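Engineer: Could you have a look at this structure, given as structure tokens, before my questions?
The values are calculated or read from the model by the stated rules, or taken from the named source; none is laboratory data. Given the structure is predicted, the values throughout are model-derived calculations rather than measurements. When we count neighbours, we look across all protein chains shown, and the Cβ atoms used for this are built from the backbone with ideal geometry, even at glycine. The area values use the complete protein model at the heavy-atom level, side chains included, leaving out ligands, DNA and RNA. Shrake-Rupley method; radii C 1.70, N 1.55, O 1.52, S 1.80 Å.
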Amino acid sequence: MSGAALGLEIVFVFFLALFLLHRYGDFKKQHRLVIVGTLLAWYLCFLIVFILPLDVSTTIYNRCKYAAANSSPPESSNVTGLHATATPAPSSHPCFKPWSYIPDGIMPIFWRVVYWTSQFLTWILLPFMQSYARSGGFSITGKIKTALIENAIYYGTYLLIFGAFLIYVAVNPHLHLEWNQLQTIGIAAANTWGLFLLVLLLGYGLVEIPRSYWNGAKRGYLLMKTYFKAAKLMTEKADAEETLEDVMEEVRKVNESIKYNHPLRKCVDTILKKCPTEYQEKMGRNMDDYEDFDEKHNTYPSEKSLVKLHKQVIYSVQRHRRTQVQWQILLEQAFYLEDVAKNETSATHQFVHSFQSPEPENRFVQYFYSPTVGRPWLKVKSVKK
């Protein structure tokens, strides 16, 4: 079984990450590089969680084995002047080799590969892909150029801080740093940023999750909180719709000004493909207008302005879709909580839904959470309150 557990978990975690990515993503709409990058990031996160217990059990066994091998009997004592024989060492607990034992030399290489791959994804690949996806360029070269500039500005601030530190070390005669020490400082700085985010998120989660469950037991608290979230989200949703309308108006003007034979018409077509379907139908090109673009002395937008407009379209459409999905989820939650409040005081012995879900429920959920099962749970919950 040496190394077999590690190999099985590596394969299992890979298919687990692939299944979850297929469940929550869409392979047909996403680019292959995005799928590979996301799959690799999820795979490494799950792999650390699953492999860590194997590493701990192997480390405990190695310490026990080395302690037993290095233990020696106590030296003989001749204080009384008599010849004393050496007494054997007291027997310790035997070291049982775990089934998940990993041979020596594998885990250091494994953790180096995981660590540096995670560093590459965190600081280089994923930020670059994010900037590339949000770029308004119309070609691969333009998107790459924009992504490099954005990341250069972002990491330039860190380089300034690091450069100031190097200048301080160079000026101070009492400090002498070598390349290995600089590498250690860089690794420590990267780990410090990750630990800071980890402590911040865990600190919030350790407080917010128990508090949400505690407040969830209060009668009507979740419903009132949902109403408050709905009012707040309604404002954000209206602002997103207004921003989208303004951007679509700019796209309409550009679409009408740039004719079919204009050199920038391909850029306009690319922008139109990013617009929602209803706006694409409204701003369909007038193919019956064959007037040349240079026959009229009109002012046409430049390619740089189209790049900026393309970026605005991407951002406004993503924000509008995000608020629409959040609004739909919040409405379903509010309807369910209202149904709970109504059925608590209802005389019927079944849980009645005001609105049926358009998606078919799972058979397992239908069997174990039927309307007749939901009603007694409400009674028990109301008694506890």
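Engineer: Out of all the residues in the stretch 94-111, is one or more among the acidic types (Asp, Glu) and under 30 Å from LEU264 (Cβ atoms)?
Structural biologist: So far as the stretch 94-111 goes, no, none of its residues is among the acidic types (Asp, Glu) and under 30 Å from LEU264 (Cβ atoms).
Engineer: Considering the stretch 326-354 alone, what residues qualify as being open to solvent by less than 90 Å² (accessible area, probe 1.4 Å), part of a helix (DSSP H, G or I) and not acidic (Asp, Glu)?
Structural biologist: GLN326, TRP327, LEU330, LEU331, GLN333, ALA334, PHE335, TYR336, LEU337, VAL340, ALA341, ASN343
Engineer: Also, quick follow-up: Does ILE51 qualify as being under 16 Å from PHE110 (Cα atoms) and open to solvent by less than 70 Å² (accessible area, probe 1.4 Å)?
Structural biologist: So ILE51 fits the description; yes.
To keep it simple, each residue is scored yes or no on (1) modelled with pLDDT of 85 or more; (2) in a helix (DSSP H, G or I); (3) hydroxyl-bearing (Ser, Thr, Tyr); (4) within 30 Å of ILE149 (Cβ to Cβ).
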site: SER72; (1), (2), (3), (4): no, no, yes, no
site: GLU75; (1), (2), (3), (4): no, no, no, no
site: ALA89; (1), (2), (3), (4): no, no, no, no
site: TRP111; (1), (2), (3), (4): yes, yes, no, no
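Engineer: Take the conditions acidic (Asp, Glu), closer than 23 Å to TRP327 by Cα and at pLDDT 90 or above and apply them to GLU242. Does it pass?
Structural biologist: yes
Engineer: Mind counting the residues in the stretch 124-145 that are within 22 Å of HIS310 (Cα to Cα), touching a residue at least 24 places away in the same chain (Cβ under 8 Å) and open to solvent by less than 100 Å² (accessible area, probe 1.4 Å)?
Structural biologist: So the count comes out to 9.
Engineer: From LEU44, LEU33, which residue is crowded, with 17+ Cβ neighbours inside 10 Å and either outside the structural domain of ARG112 (by the TED database) or in a helix (DSSP H, G or I) (or both)?
Structural biologist: Selected residue: LEU44, the only one of LEU44, LEU33 that is crowded, with 17+ Cβ neighbours inside 10 Å and either outside the structural domain of ARG112 (by the TED database) or in a helix (DSSP H, G or I) (or both).
Engineer: Related question: Only one of these conditions is not met by ALA238: (1) touching a helix residue (DSSP H, G or I) at 6+ places or on another chain (Cβ under 7 Å); (2) part of a helix (DSSP H, G or I); (3) loosely packed, with under 13 Cβ neighbours inside 10 Å. Which number is it?
Structural biologist: (1)
Engineer: Provide a single number: the residues in the stretch 241-258 that are assigned to a helix (DSSP H, G or I) and buried (at least 18 other Cβ atoms within 10 Å of the Cβ).
Structural biologist: The number of residues fulfilling the criteria is 6.
Residue by residue, here is whether (1) over 25 Å from the mean Cα position of the chain (by Cα); (2) assigned by the TED database to the domain that holds VAL340; (3) touching a residue at least 60 places away in the same chain (Cβ under 8 Å) holds:
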{"site": "GLU208", "(1), (2), (3)": "no, no, no"}
{"site": "SER212", "(1), (2), (3)": "no, no, no"}
{"site": "LYS237", "(1), (2), (3)": "no, yes, yes"}
{"site": "ALA240", "(1), (2), (3)": "no, yes, yes"}
{"site": "LEU244", "(1), (2), (3)": "yes, yes, yes"}
{"site": "GLU256", "(1), (2), (3)": "yes, yes, no"}
{"site": "LYS259", "(1), (2), (3)": "yes, yes, no"}
{"site": "HIS262", "(1), (2), (3)": "yes, yes, no"}
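Engineer: Only one of LEU166, LEU175, LEU121, LEU159 is open to solvent by 70 Å² or more (accessible area, probe 1.4 Å) and assigned to a helix (DSSP H, G or I). Can you tell me which?
Structural biologist: Answer to the check: LEU159.
Engineer: In the stretch 306-325, which residues are surrounded by 14 or more Cβ atoms within 10 Å (Cβ to Cβ) and without any contact (Cβ under 8 Å) to a residue 24 or more places away in the chain?
Structural biologist: GLN318
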